[in-house]
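Let me begin by presenting the structure, written as structure tokens, before commenting on it.
Nothing in this text is a laboratory measurement; each read-out follows from the coordinates by a stated rule. Quick caveat: nothing in here was measured; it's all calculated off a predicted structure. Every residue, glycine among them, receives a Cβ derived from its backbone with ideal geometry; neighbour counts consider all protein chains shown.
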Amino acid sequence: MEPDDIVVFAGSGSRRLTARICEYLDIRQGKNETIQFSDGNTFVRILENVRGRHVYLVQSTVFPANDNFMELLFWIDAFKRAGTESVTVVIPYFSYAKGDKKDEPRVSIRARVCADAIEVAGANRVVTMDLHAPQIQGFFHRPVDNLYALPILCARIKAMKLQDVVVVSPDVGFAKQARRYASCLGVSIAIADKERIGHNERATIMQIIGDVKGKTAVVVDDFTISGGTLADVSVKLMDRGVREVYAFVTHGVLTKGSIERIDASPIRCLFITDTVENQPVQFSSKIEVVSVASLFAEAIKRIHNRESISEMFKE
């Protein structure tokens with residue numbers, strides 16, 4: 001790929017991931033800066049000529065979610081006003097993906113509002129990873145590529161050479177994706193029956209569906225915030241006779257108290273990816289970060305060369 005053909009910029013929510021992406025692509029990272037004024041306003045500035053270029057902006061919208069989302073919109077606007085040929089926004093973690101439906105009276109469908117804002121700002125394409133609700137792709141009128149961390153996480157699981165593995169979905173909603181993990185690993189699957197009441201980010205694990213006794217449980221999920229579900233599932237699994245519990249989660253949205261819950265649980269190790277990098281907590285020895293920079297870099301390269309993204313995930 002010619003150095004002048006493509007340029008990748010970092011938002012303040014994904015600076016380390018962007019550096020890894022550029023290293024994988026063997027290109028220079030674009031020069032830009034973000035300034036936070038004392039009154040809370042955000043100012044963004046491109047520090048090089050991008051006229052006629054195909055620009056890729058990497059920005060996770062979390063920690064802080066609203067500030068990073070507004071910054072994303074300002075970057076899109078800045079690039080369009082600077083005369084770029086196209087702007088592809090790479091959103092490793094799309095925080096408002098949980099707000100995908102009106103499931104009670106008088107609430108906002110937040111993901112739809114975000115999708116509209118991204119389009120109005122001028123984005124030509126969106127690349128993200130493990131959307132909590134894949135139907136959000138339909139909220140956009142622009143192409144959306146939803147990547148999966150599965151190949152990277154499955155490779156890490158295989159490298160551990162665990163014995164008698166069973167893949168566990170922490171709820172029915174993630175069961176379809178959990179089956180893909182089980183298929184990739186050639187193992188069986190179990191499902192935790194979970195009930196969530198209210199908006200306090202905690203759920204109650206009712207039962208484990210499937211044979212787990214004497215096995216090594218690998219719990220997979222798209223994100224964790226409080227660590228509560230993972231901790232509760234691990235306790236339930238140990239009660240059902242599993243030997244060890246490991247957890248593999250794409251988005252480690254780890255908030256205050258989450259590390260303590262993980263540390264106090266039977267989970268031997270929690271593996272997360274680097275889609276979220278500004279966590280307000282200090283990781284313990286139980287947390288290991290696995291980079292998905294190669295997946296995003298490959299997707300950017302394929303988009304630029306007009307190649308298939310789906311080919312990356314063929315089983």
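Using amide H atoms built 1.01 Å from N in the peptide plane, name the residues 5+ places from residue 164, or on other chains, whose amide H lies under 5 Å from its own.
Under 5 Å from the amide H of residue 164 lies no amide H from a residue far enough along the sequence or on another chain.
Could you name the aspartates and glutamates whose alpha carbon sits less than 17 Å from that of residue 31, not counting residues in the same chain fewer than 8 places away?
4, 5, 23, 48, 71, 77
Any chance you could run the full-extension gain for residue 106 through residue 23? It's 0.36 nm times the residue separation minus the Cα-Cα distance, nm to one decimal. Don't skip to the end; give the middle numbers.
On the way: separation 83, 0.36 × 83 = 29.88 nm, distance 4.62 nm.
Value of the extension gain: 25.3 nm.
Amide H of residue 171 versus every other amide H placed in the peptide plane: which residues, excluding those fewer than 5 positions away on the same chain, fall under 5 Å?
Answer set, sorted by chain and number: 192.
Please count, across segment 150-290, the pairs of lysine residues with Cα atoms under 26 Å apart that sit 8 or more places apart or on different chains.
Qualifying lysine pairs in segment 150-290: 26.
Arranged by the count of other C-beta atoms within 10 angstrom, fewest first, what order do 95, 226 take?
Working: 95 25, 226 19.
Listed from fewest to most nearby Cβ atoms, that is 226, 95.
Indicate the gyration tensor shape class of segment 74-193 (rounded, prolate or oblate), computed on the Cα atoms with a ≥ b ≥ c the square roots of the eigenvalues: a/c under 1.5 is rounded; otherwise a/b larger than b/c is prolate and the rest oblate.
On the way: a/c = 3.75, a/b = 1.71, b/c = 2.20.
Here segment 74-193 falls in the oblate category.
Which value in nm describes the separation of the simple spin-label points at residue 183 and residue 281, placed 7 Å from the Cα toward the beta carbon?
Output for this residue pair reads 3.3 nm.
Kindly identify the chain as rounded, prolate or oblate by the Cα gyration tensor criterion: order the square roots of the eigenvalues as a ≥ b ≥ c, call it rounded if a/c is under 1.5, otherwise compare a/b with b/c, prolate if a/b is larger, else oblate. Working shown, then result.
On the way: a/c = 1.97, a/b = 1.65, b/c = 1.20.
Prolate, since a/c reaches 1.5 and a/b exceeds b/c.
Would you grab the residues whose amide H sits under 5 Å from the one on residue 61? Only those 5+ places off in sequence or on another chain, please, with H modelled 1.01 Å from N.
93, 95
Starting with the fewest neighbours, write out 283, 296 ranked by other beta-carbon atoms found within 10 Å of each beta-carbon.
Values: 283 15, 296 29.
Sorted ascending by nearby Cβ count, the order is 283, 296.
Quick one: if you stick a label point 7 Å off each Cα along the C-beta vector at residue 137 and residue 5, how many nm between them?
2.5 nm
Using Cα pairs under 8 angstrom and six or more residues apart, how large is the relative contact order of segment 150-290, in percent?
Working: 300 pairs, mean separation 27.1, N = 141.
Result for segment 150-290 is 19 percent.
Sequence gap at least 6, Cα distance under 8 Å: using those rules, report the relative contact order of the chain to the nearest whole percent. Don't skip to the answer; put the middle values down first.
On the way: 652 pairs, mean separation 43.9, N = 315.
For the chain, the relative contact order is 14 percent.
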